[in-house]
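In what follows, a structure is listed as structure tokens, so that the remarks can point back to it.
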2 protein chains.
Amino acid sequence: MKKHNFSAGPCILPQSVLQKASEAVTNFNGLDLSLVEISHRSKDFVDVMENARELVLEHLNLQNQGYKALFLHGGASLEFLMVAYNLLEKKAAYLNTGTWADKSIKEAKLFGEIDIVGSSKDANFNYIPKNYTIPSDVDYFHCTSNNTIFGTQMQEFPETNVPLVCDMSSDIFSRVLDFSKFDLIYAGAQKNMGPSGTTLVIVKEDILGKVSRTIPSMLDYQTHISKDSMFNTPAVFPIYVSMLTLEWLKENGGISEIEKINNAKAKLLYTEIDRNPLFNGFVANAEDRSKMNATFSLANDSLKDTFDASWKAAGINGLNGHRSVGGYRASMYNALPLESVQVLVDVMQDLEKKS
Amino acid sequence: MKKHNFSAGPCILPQSVLQKASEAVTNFNGLDLSLVEISHRSKDFVDVMENARELVLEHLNLQNQGYKALFLHGGASLEFLMVAYNLLEKKAAYLNTGTWADKSIKEAKLFGEIDIVGSSKDANFNYIPKNYTIPSDVDYFHCTSNNTIFGTQMQEFPETNVPLVCDMSSDIFSRVLDFSKFDLIYAGAQKNMGPSGTTLVIVKEDILGKVSRTIPSMLDYQTHISKDSMFNTPAVFPIYVSMLTLEWLKENGGISEIEKINNAKAKLLYTEIDRNPLFNGFVANAEDRSKMNATFSLANDSLKDTFDASWKAAGINGLNGHRSVGGYRASMYNALPLESVQVLVDVMQDLEKKS
């Protein structure tokens, strides 16, 4: 049966991408060799890396503006550390909107003073703090654009004169933004870009080289820039699949087109959550709702077994909420078709009729 | 045409492993979902991770002796840093046997005093230093078991009372050793274990927790041990393929059986290098020769075009030497069949007949 994959990440990727990736594991580019058994210095793989880096800047409209795109190791969790290692001299401002923001703050505290300018920890992160002030004397401001666990998403980003750093792990390539407002963007691949195992970093070069500490080679963005993202052996397969996904996005009209579909998916599901008396949304304010991850719960827990059996029978996968929130989480990343959301909405409506 | 893949890494993997990996990219475990689009917290993937970790300890005969096997991000290059971050309080001893050892020394110097107890840098690393003394007051001794670029390999490891740390990136699982002599072993996956994108660390827990500095979460081995190697999203595909390769090794009799084949391959090639007047081995002493990577050059450079055309016509891939050494490098990792080495030897003998 065709699955409707609402997994929060690693998550659904386009079927055509998975098909090509599968073929490359046995025979890449007609070489009669697997993608994963050739040198990363071979022209075949260098082309993959360069194409992927170029597609990133093209999608984000950041070409020829001093930005470099890197595919690094370590996941966003290593970026929590690298951001501070590379940019934090004395003090930085952080917005605390959830588990991942909290972890980024913890790592940054090892390197300087952290000013938490806004936090929604008081309400289990069910809203996005607003009307906060970013001090002018901080080295940078860090925020998380989308909070996968809680289902909140920043719709606006602050105007500030300090470097703007953003963890976009779970919503990059999903909506049009003025990405040139940001000085450093990072994202684990495993949502809208590819499989786990590589991390995208887009950095404006002129913010680097300003801290006084010595940065270990592997943690220094300048190392990776100087080696065209090939300082050490890159994660070949995750980067190749990311390249394929970025190509798929381009063939499908780019971010502006996928955003329309993402808006339609989110509207369909949130309309049902609001309409159907059996369900409650988790997020306090409608304007803070994530278009990637919708968090909701049953108004009456006694319906849990029936509901769970129904969505599983409909071929839905990955709908359980994160343990920090409970209930359900429907992740609607770029590769999830509108039809899958309709299947979920049908199951929710069926539950209402049966109750 | 069937390729004879002598690539230095990423390198040849067993065909049966690549076939299974290819299938898992479209349909894993009969789930009708790709391996790379399911949650890493799902039972299906947790089983992969646990099986891989267990197989590592089983192959190395390190079960129930206080060791933990971890699959981390970052490659051996990040381990250069993590080893020092976790173990270096004041001083450490390093053996410098090549480019990677040199890089590990560079990173460690950020954290304490480094005593280079032996080095073959004076002769472009064409031998393994011996008769060195490891001071008793160092925090650990670090060495590189096999030097991919230069084609040397340590045949004996020092007896010492300080923790023994070894970068086994390019020869782990290729030969029987008393692995319990080592306190920390690390290896990038992309030689005998799997595709690039994951790094194996085997650490004896009792050597940890002894430095006074605060270690960032992602760089702290204790973080990863406490989370069963799942602190953050692991590199799902590289770890799955590593598991398949470790299973393949077990089905083929384990390290002791593969070592016999590795010995036969090395004997076949080195015998020809020594016999054939057209070729010179790079390594100074026969006892230091690597059974994984054989480095050699043509005695007469005017034969280069003919030789290159011949091995390419025979379906051989990846024979060019590293730029630091020049000439040729035949990497004979576990998955390379004896037949491929025979094809190379035939090409070398043909060249002699034609000259």
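Determine one quarter of the surface area of the Cα convex hull of segment B:211-302, which equals its mean projected area, and express it in nm² to one decimal.
Average projection, Cα convex hull of segment B:211-302: 11.3 nm².
Can you give the relative contact order of chain A as a percent, counting alpha carbon pairs under 8 Å and 6+ residues apart? List each step's numbers first, then the result.
On the way: 667 pairs, mean separation 82.9, N = 355.
Relative contact order comes out at 23 percent.
Distances from B:LYS121 to the same residue in each other copy, label points 7 Å out along Cα→Cβ, in nm, shortest first?
With the label placed 7 Å along Cα→Cβ, B:LYS121 yields 4.6 nm.
Can you give the Rg to Rh ratio of the protein assembly as shown, both from alpha-carbon atoms, with Rh computed by the Kirkwood formula?
Working: Rg = 26.4 Å, Rh = 26.7 Å.
Rounded to two decimals, Rg over Rh is 0.99.
Among A:ALA92, B:LEU351, B:PHE71, whose Cα sits farthest toward the positive end of the charge dipole of the protein assembly as shown (+1 at Cβ of Lys/Arg, -1 at Cβ of Asp/Glu, about the Cα centre)?
It is B:LEU351, whose Cα lies furthest towards the positive end.
Just how far, in whole angstrom, is segment A:282-355 from segment B:254-295 if you go by their alpha carbon centroids?
Value for the Cα centre distance between the two parts: 60 Å.
Using a label point 7 Å beyond Cα on the Cα-Cβ vector, give me the inter-copy distances for B:ASP47 in nanometres, one decimal, shortest first.
3.9
Take the alpha carbon gyration tensor of segment B:233-273, find the square roots of its eigenvalues, order them as a ≥ b ≥ c, and report rounded if a/c is under 1.5; if not, report prolate when a/b exceeds b/c, else oblate.
Numbers: a/c = 5.35, a/b = 2.19, b/c = 2.44.
Oblate shape, in that a/c is at least 1.5 and b/c is the bigger or equal ratio.
Charges at C-beta only: +1 for Lys and Arg, -1 for Asp and Glu. How large is the resulting dipole of segment A:212-355 about its Cα centre, in Debye rounded to 20?
On the way: 15 positive and 17 negative charges, 47 e Å.
Roughly 220 debye, rounded to the nearest 20.
5 Å is the cut-off here: which amide hydrogens, built 1.01 Å from N in the peptide plane, fall below it relative to B:SER170, excluding neighbours closer than 5 in sequence?
Hits under the 5 Å cutoff: B:ASN146.
Treating the point 7 Å from Cα along Cα-beta-carbon as the label, what are the nm separations from B:PRO277 to the other copies, to one decimal?
Reported distances to equivalent positions: 10.0 nm.
With the crude spin-label approximation of a point 7 Å out along Cα→Cβ, what separation in nm comes out for A:ASP308 versus B:LYS109?
With each label placed 7 Å out from Cα toward Cβ, I get 5.8 nm.
Which of the lysines could be linked to B:LYS267 by a straight reach, that is with a Cα gap under 19 Å, when you skip same-chain ones fewer than 8 residues away?
Within reach: B:LYS291.
Report the net charge of residues surrounding A:LYS91, where surrounding means a beta-carbon distance below 13 angstrom and charges are Lys +1, Arg +1, Asp -1, Glu -1. Kindly include the intermediate steps, with their values, before the conclusion.
Working: positive: A:LYS90, A:LYS109; negative: A:GLU89, A:GLU113, A:ASP115, A:ASP137, A:ASP139.
Charge balance near A:LYS91 sits at -3.
Give me, ordered by chain and number, the residues 5 or more places off A:GLU113 or on other chains with an amide H under 5 Å from its own placed amide H.
A:LYS91, A:ALA92
For every other residue with a beta carbon closer than 11 angstrom to the beta carbon of A:TYR270, add +1 if it is Lys or Arg and -1 if Asp or Glu, then tell me the sum.
For residues surrounding A:TYR270, the net value is +3.
Arrange B:GLU107, A:GLU23, A:GLU37 by Cβ neighbour counts within 10 Å, fewest through most, would you? Walk me through the numbers before you get to the answer.
Numbers: B:GLU107 22, A:GLU23 14, A:GLU37 25.
If I rank by nearby Cβ atoms, fewest first, I get A:GLU23, B:GLU107, A:GLU37.
Return the percentage of antiparallel bridges among DSSP beta bridges fully within chain A, rounded to the nearest 5 %.
Working: 22 of 39 bridges.
Here the share of antiparallel DSSP bridges comes out near 55 percent.
In whole angstrom, how far apart do the alpha carbon centroids of segment A:1-67 and segment B:1-63 sit?
18
Setting aside same-chain residues fewer than 8 positions from B:LYS181, which aspartates and glutamates have a Cα under 12 Å from its Cα?
Result set, ordered by chain and number: B:GLU156, B:GLU159.
Among B:ILE185, B:ILE114, B:ILE12, which one shows the highest mean-square fluctuation when chain B is modelled as a Gaussian network with alpha-carbon springs under 10 Å?
B:ILE114
Search the structure for amide H atoms under 5 Å from the amide H of B:MET332, placed 1.01 Å from N in the peptide plane, and list their residues when 5 or more places away or on another chain.
B:ASN293, B:ALA294
Dipole of segment B:15-251, Cα-centred, from +1 at each Lys and Arg C-beta and -1 at each Asp and Glu C-beta, to the nearest 20 debye?
Values: 20 positive and 29 negative charges, 80 e Å.
That gives a dipole near 380 debye.
Can you give the local net charge around B:HIS322? Use residues other than it whose beta-carbon is closer than 12 angstrom to its beta-carbon, Lys and Arg +1, Asp and Glu -1.
On the way: positive: A:ARG41, B:ARG323, B:ARG329; negative: none.
Neighbourhood net charge equals +3.
Give the relative contact order (percent, whole number) for segment A:254-354; include only Cα pairs under 8 Å separated by 6+ residues. Display every interim value, and only then the final one.
Working: 110 pairs, mean separation 33.7, N = 101.
The normalised contact order for segment A:254-354 reaches 33 percent.
Checking the cross-link filter: which lysines have an alpha carbon closer than 20 Å to that of B:LYS3, excluding same-chain neighbours under 8 positions apart?
Straight-line reach from B:LYS3, under 20 Å: A:LYS43, B:LYS20, B:LYS191, B:LYS265, B:LYS312.
So, by mean Cβ neighbours within 10 angstrom, what's the order for B:274-285, A:328-339 with the highest one leading?
Details: B:274-285: 16.2, A:328-339: 22.0.
In decreasing order of mean packing, B:274-285, A:328-339 become A:328-339, B:274-285.
What dipole magnitude, in Debye to the nearest 20, does segment A:1-135 give about its Cα centre under +1 on Lys/Arg Cβ and -1 on Asp/Glu Cβ? Intermediate values should be presented prior to the final figure.
Details: 14 positive and 15 negative charges, 86 e Å.
Here segment A:1-135 has a charge dipole of around 420 debye.
Would you work out if chain B is rounded, prolate or oblate? Take a ≥ b ≥ c from the square roots of the eigenvalues of the alpha-carbon gyration tensor; rounded if a/c is under 1.5, else prolate when a/b is larger than b/c, oblate otherwise.
Numbers: a/c = 2.14, a/b = 1.22, b/c = 1.76.
Taking the square roots of the gyration eigenvalues as a ≥ b ≥ c, chain B is oblate.
Computed from the coordinates by the stated procedures, all read-outs in this text should not be read as laboratory data. Keep in mind it's a predicted model, so treat the numbers as computed, not measured. Because the Cβ atoms are built from the backbone with ideal geometry, glycine has one as well, and the counts that use them run over all protein chains shown.
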